[in-house]
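The block underneath contains the structure these notes are about, expressed in structure tokens.
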Amino acid sequence: MKKFVLSRVVQAVPTLWVIATLTFFMTRYAPGGPFDTEKAIPQEIKVKLESHFGLDRPLFDQYLLYLKNLLRGDLGPSFKYPGWEVSELIATAFPVSLTLGVLSLGIALLIGIPAGIIAALRKNTWLDYLPMSLSMAGICLPTFVLGPLLIYIFSTQLGLFPPLGWYGPADWVLPSFTLGLFYAAYVARLTRAGMLETLQQDYVRTARAKGASPWRVVTRHALRGGLLPVVTYLGPAFAGLISGSFIIESIFFIPGLGKFFVTAAFNRDYTMVLGTVLFYAALIILLNLLVDLLQAWLDPKARQAQ
Amino acid sequence: MPSIQNPPKIREMGNLDIQNLKVSFHTREGIIHAVDGVDLSIKPGEIIGLVGESGSGKSVTCNSILQLLPTPPARIEAGKIDWSGKDLLNQHDKKIRGIRGKEISMIFQDPMSCLNPYLSVLDQVAEPLVIHGMASPKDARKQACEMLVRVGVQRVVEHPHAYPHEFSGGMRQRAMIAMALVTKPSLLLADEPTTALDVTVQAKVLNILKELCTDLGVSVLFVSHDLGLVAELADRVVVMYRGKVVEQNDTRSIFSNPQHSYVKALIACRPTLESTPVRLLTVDDFMNPKSGKDQVLEKLALPSLNLDTQETLLEVQDLVVEFPTEDGPVRAVDGASLVIRRGSTHGLVGESGSGKTTLGRSILHLTKANSGKILYQGNVISLENIQDRTKFRKSMQIIFQDPYASLNPRMTVEQALLEPMKVHGLGKSRKDRIDHVVKLLEEVGLGEKYLNRYPHEFSGGQRQRICVARALTTEPEFIVCDECVSAMDVSVQAQVLNLLRSLQASRNLTYLFISHDLSVVKFMSDEISVMQNGKMVENGLAEDLYRDPKSSYTRKLIDSIPLANRSSNFRL
């Protein structure tokens, strides 16, 4: 187990290096630069800025310098937020996105898994059709429609929750549901498919032959196998959730990580783009590792393979 | 006063009485009457064998008792299943659950898929006790452990957290038995419990099952397709055919004096070790005595082959085949040698994992050998040269075990049979090739009308005939038959074996006949090689090998065959 985790961590290093390299050169070769604005700034100021950030040096030197700093954990200064380090910006925004992500994931699992199980157990009845059509609607309905809809109903009409901002727990409810319901829809469909597959297995019949109640058959015998596809989906889904959503953040005015992804790219904020991409990549690698560990915990055969 | 030392423990509880049971399956293709008015009763302490071929309704009957059939599509149309005064078909779900696993237990066919891969074996064996509140979880594990040791799964003592995938098939089936008997039920329903196991393992598992059930006074409904196997075990045999019980009698009478022609056929169409008929009788011979199929063979009266004068067609010398695994290479074939003479059948027997299939495949160069030589007509085959390879492949063909898996479901019979001819550039025109295909189909007992059908429209036996025809399309000299009748019912098996023999006679074919079933190999072969752990254990003329086996392993294989399957005039 320790060996497995260690080897995965070691494998992550070249992956991150490739991602850093590709992103570095892609942003640099993209037209435009951080200090190109619509209103031309005086040439001498631009030159001064570029030399301040080391942009006047040969590209490969910049690349080596970036890697050197990266090894020390230094993501460099932001070009567009003067006085801010990229790591500082991520550190202030990430907790917000993490909170939103964890809450959304919780909602997705709490709604999606039971809905999927019930649909599988009552296949081809209204208890299957209803949640499955709702989940199809949930997948089709974009968050920028669902978000304002929820704001209209629960804030404007019922006055239950604040429509926007990120100050206290009351603010968390609407964005978490907007984001969570979308994922709940996916989770429900995956759970249903996984459960239908498992419920047909011979060992489920064995459990019934022992006299196990339907509850026991599901919780003890079928659920583990049935949830494996969900677990596989969870890794990338969770990484997407906690790294922020630009749309949700814009609708609800949330100071999360998502906006950095978009604005940094538009602004040619080179260090910010690199920082967020690397952060996201590291997050995916970490979560996939966690998913593998979770799968091993669920499935003894996978445990042996490790 | 009568002595009551160790009285046979017969329960007052436990009369099962099935009356006029009718079960049908409602599918898109229509209604299938799987069980059509079955009457069956089991008295306390009795062992009943329920015998029939696939599709006869025996498993459906067995699964109906505890209502384990999937509904839909299954539907119980009529009948009564009386269990000690309770009508099982009209019980509340909760009542049925109280009987399942406690009063009536069940063992299923495939121990690989019937144990939950996510739970430890010990927990699964203990579970019935916990479900029925017969013991605390801790106590249940203790009792389960005792029961597992009793059936010979000692491993759980040292490895209480072992999972099913860490056990062999035989050990898993023992665990299933422990799981079924840990609650000391009154009746055990065993649905083909040893079908998926090797003969030697099967023999051990059956012994354990019989001993334990006798000890515990458990009555058994033993469902099997193998009449010979049931004879070893059952007090009474019930034979089913097409959803109906055609005959039931005590085991001795069934064998000595079968009444129904289907039962007579079942007894006659098994190849046995002692007899050497030219041709096996088939169910058709009994059910439609005038059908007159396979008469060609009877007329042929196979000339007995003088092996000494036959030239060597194929020779294998010191063949080694290794497969890489995480724990280093595993030797599937470990220095095996073999000589096969033209026009003969060379039988290759061994248990699963003995390397017989790998050997067969490496002879055809479908699996690459690590070292050793394969000589065909005295020449080493070089596969580097494409022309050599094509010629070589043309003269050697293979028939696989599973005719369901080895035919492409998206190709018609015509396409499947034309393909090898196209590959090898045989036939002058398309018409030429189709004529040839039609001739082959007729030769294997099918006809032109089947050309445009897809594999799923055929029964298992018909599919294997198609596979045989496909193997013949390139006019090969040598065919590897890899467990080609193992998945078949005895009656179908007899037809396919007869077909292979008559083709051999008319086309002077040479076979390598691979099977785990010694009696089938014995029927087919002139010479037999026995394999164990990748090595050749014994080599000899079929008759000599059976009469006077040199190795203890061969002896063990022979002894594991149920008595009734060794001799055709078996009497209890």
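The values are calculated or read from the model by the stated rules, or taken from the named source; none is laboratory data. Bear in mind that the values here come from a model prediction, so they are computed numbers and not experimental data. Neighbour counts are summed over all protein chains in view; Cβ atoms, including those assigned to glycine, are modelled from backbone coordinates with ideal geometry. The accessibility values were calculated without ligands, DNA or RNA, using every heavy atom of the protein model including side chains. Shrake-Rupley method; radii C 1.70, N 1.55, O 1.52, S 1.80 Å.
Please compute the average number of Cβ atoms from other chains found within 10 Å of each residue's Cβ in peptide A:198-208. All intermediate terms of the calculation are to be shown ahead of the outcome.
Working: counts 2, 1, 1, 4, 9, 11, 2, 9, 14, 9, 8.
Average per residue, whole number: 6.
Does segment B:1-136 classify as rounded, prolate or oblate by the C-alpha gyration tensor (a ≥ b ≥ c root eigenvalues; a/c under 1.5 gives rounded; else a/b over b/c gives prolate, otherwise oblate)?
Values: a/c = 1.84, a/b = 1.28, b/c = 1.44.
The shape class here is oblate.
Among B:222-232, B:87-97, how do they line up from the highest to the lowest mean number of other beta-carbon atoms within 10 Å?
On the way: B:222-232: 23.4, B:87-97: 14.1.
The peptides rank, most packed first, as B:222-232, B:87-97.
Identify which of A:Ala30, A:Ala12, A:Ala207 has the largest mean-square fluctuation in a Gaussian network model of chain A, with springs joining Cα atoms closer than 10 Å.
Comparing A:Ala30, A:Ala12, A:Ala207 in a Gaussian network model of chain A, the most mobile one is A:Ala30.
Quick one: how many Å² of A:Tyr63 are accessible to a 1.4 Å probe, rounded to 10?
10 Å²
Using a 1.4 angstrom probe on the protein heavy atoms only, could you order B:Trp83, A:Trp215, A:Trp172, A:Trp126 from most to least accessible area?
So, going from the largest accessible area down, we get A:Trp215, A:Trp126, A:Trp172, B:Trp83.
In peptide B:126-132, what is the residue-averaged number of other protein chain Cβ atoms found within 10 Å of each Cβ? Before the final figure, lay out each step's value.
Numbers: counts 0, 8, 5, 1, 3, 7, 3.
Neighbouring Cβ atoms belonging to other protein chains average 4 per residue here.
Once you place label points 7 Å from the Cα toward the Cβ at B:Asp318 and A:Lys123, how far apart are they in nm?
Simple spin-label model gives 5.7 nm for this pair.
Using 7 Å Cα-to-Cβ label points, what is the B:Arg389/B:Asp39 separation (nm, one decimal)?
Placing both labels 7 Å beyond Cα along the Cβ direction yields 6.6 nm.
Quote the total accessible area buried by chains B and A together, excluding ligands, DNA and RNA, probe 1.4 Å, nearest 100 Å². The partial results should precede the final answer.
Working: alone 26400 and 17270 Å², together 41300 Å².
By this definition, chains B and A bury close to 2400 Å².
With each label point set 7 Å from Cα along the Cα-Cβ vector, what nm distance links A:Leu67 and B:Lys556?
A separation of 6.0 nm, rounded to one decimal place.
For segment A:233-306, what is the largest minus smallest coordinate of the Cα atoms on each principal axis, given in angstrom and ordered from greatest to least?
On the principal axes, segment A:233-306 reaches 48, 27, 13 Å in Cα extent.
Quick one: longest stretch of chain A between exposed loop trypsin sites (Lys or Arg not before Pro), exposed meaning at most 12 other C-beta atoms within 10 Å and loop per DSSP? Don't skip to the answer; put the middle values down first.
Numbers: sites that count: A:Lys39, A:Arg72.
Maximal segment without exposed cleavage sites: A:73-306.
Is there a simple number for the mean count of other chain Cβ atoms within 10 Å of the Cβ of residues in B:92-99, and what is it? Provide the component values of the computation, followed by the final result.
Details: counts 0, 2, 2, 0, 2, 7, 1, 1.
Counting Cβ atoms of other protein chains within 10 Å of each residue's Cβ and averaging gives 2.
Which whole-number percentage describes the relative contact order of chain A, with Cα contacts under 8 Å and a sequence gap of 6 or more? Can you show the working numbers first?
Working: 360 pairs, mean separation 79.6, N = 306.
With pairs under 8 Å counted, the relative contact order is 26 percent.
So if each residue of separation counts as 0.36 nm, and I subtract the Cα-Cα distance between B:Leu375 and B:Glu457, what length gain in nm does that give?
Values: separation 82, 0.36 × 82 = 29.52 nm, distance 4.02 nm.
Residue separation times 0.36 nm, minus the Cα-Cα distance, leaves 25.5 nm.
Which Cα, out of B:Ser560, B:Val413, B:Val149, lies furthest along the positive dipole direction of chain B (beta carbon charges, K/R +1, D/E -1)?
B:Val413
If one computes the Cα centroid of segment A:210-273 and of segment A:1-77, what distance in Å separates the two points?
Segment A:210-273 and segment A:1-77 have Cα centres spaced 28 Å from each other.
Would you mind calculating the gained length between A:Glu44 and A:Val9 on full extension (0.36 nm times residue separation, minus the Cα-Cα distance), in nm to one decimal? Could you put the intermediate results ahead of the total?
Numbers: separation 35, 0.36 × 35 = 12.60 nm, distance 4.58 nm.
Full extension from A:Glu44 to A:Val9 adds 8.0 nm.
Calculate how steeply helix B:460-472 sits against the longest principal axis of the alpha-carbon atoms of chain B, using the helix alpha-carbon long axis, and give the answer as 0 to 90 degrees to the nearest 10.
The answer is roughly 20 degrees.
Pop out the carbon and sulfur fraction of the accessible area of segment B:429-572 as a percent, whole number, probe 1.4 Å.
Details: 2390 of 5410 Å².
Carbon plus sulfur share of accessible area: 44 percent.
Which value at 222 nm does chain B reach when only helices count, each DSSP H run of 4 or more adding -39,500 (n - 2.57), with the total divided by all residues and rounded to the nearest 500 deg cm²/dmol? Please list the in-between numbers first.
Values: 22 runs with 204 residues, N = 572.
Counting only the DSSP helices, I get -10000 deg cm²/dmol.
Assuming 0.36 nm per residue, please report the length gained on full extension of the stretch A:Leu59 to A:Leu130 beyond their Cα-Cα distance. Working shown, then result.
Values: separation 71, 0.36 × 71 = 25.56 nm, distance 5.78 nm.
In short, 19.8 nm is gained.
Have a look at the DSSP beta bridges in the protein assembly as shown and tell me what percent are antiparallel, nearest 5.
Numbers: 49 of 86 bridges.
Around 55 percent antiparallel, to the nearest 5.
Mind listing the lone cysteines of the protein assembly as shown, meaning no other Cys beta-carbon sits under 4.7 Å from theirs?
A:Cys140, B:Cys62, B:Cys114, B:Cys145, B:Cys213, B:Cys269, B:Cys467
Over chain A, with a Gaussian network built from C-alpha contacts below 10 Å, which listed residue (A:Val262, A:Val96, A:Val187) shows the highest mean-square fluctuation?
A:Val262
With a probe of 1.4 Å, find how much accessible area chain B has per residue, and write the answer as a whole number in Å².
Details: 25240 Å² over 572 residues.
For chain B, the per-residue accessible area is 44 Å².
When a/c reaches 1.5 or more, the comparison of a/b and b/c decides; with that in mind, is segment B:410-510 rounded, prolate or oblate per its Cα gyration tensor? Intermediate results must be reported in sequence, preceding the final value.
Numbers: a/c = 1.90, a/b = 1.29, b/c = 1.47.
Taking the square roots of the gyration eigenvalues as a ≥ b ≥ c, segment B:410-510 is oblate.
Return the percentage of antiparallel bridges among DSSP beta bridges fully within chain B, rounded to the nearest 5 %. Can you show the working numbers first?
On the way: 48 of 85 bridges.
Just about 55 percent of them are antiparallel.
As an exercise, identify the trypsin sites (Lys or Arg not before Pro) in segment B:407-512 lying in DSSP coil whose Cβ has no more than 14 other Cβ atoms within 10 Å.
Numbers: sites: B:Arg410, B:Lys422, B:Lys428, B:Arg430, B:Lys431, B:Arg433, B:Lys439, B:Lys449, B:Arg453, B:Arg463, B:Arg465, B:Arg470, B:Arg501, B:Arg507; in loops: B:Arg410, B:Lys428, B:Arg453.
Loop-located and lightly packed - B:Arg410, B:Lys428.
Looking at the square roots a ≥ b ≥ c of the eigenvalues of the Cα gyration tensor of chain B, which shape do they give, rounded for a/c under 1.5, prolate if a/b is larger than b/c, or oblate? Display every interim value, and only then the final one.
Working: a/c = 1.89, a/b = 1.56, b/c = 1.21.
Because a/c hits 1.5 or more and a/b exceeds b/c, chain B counts as prolate.
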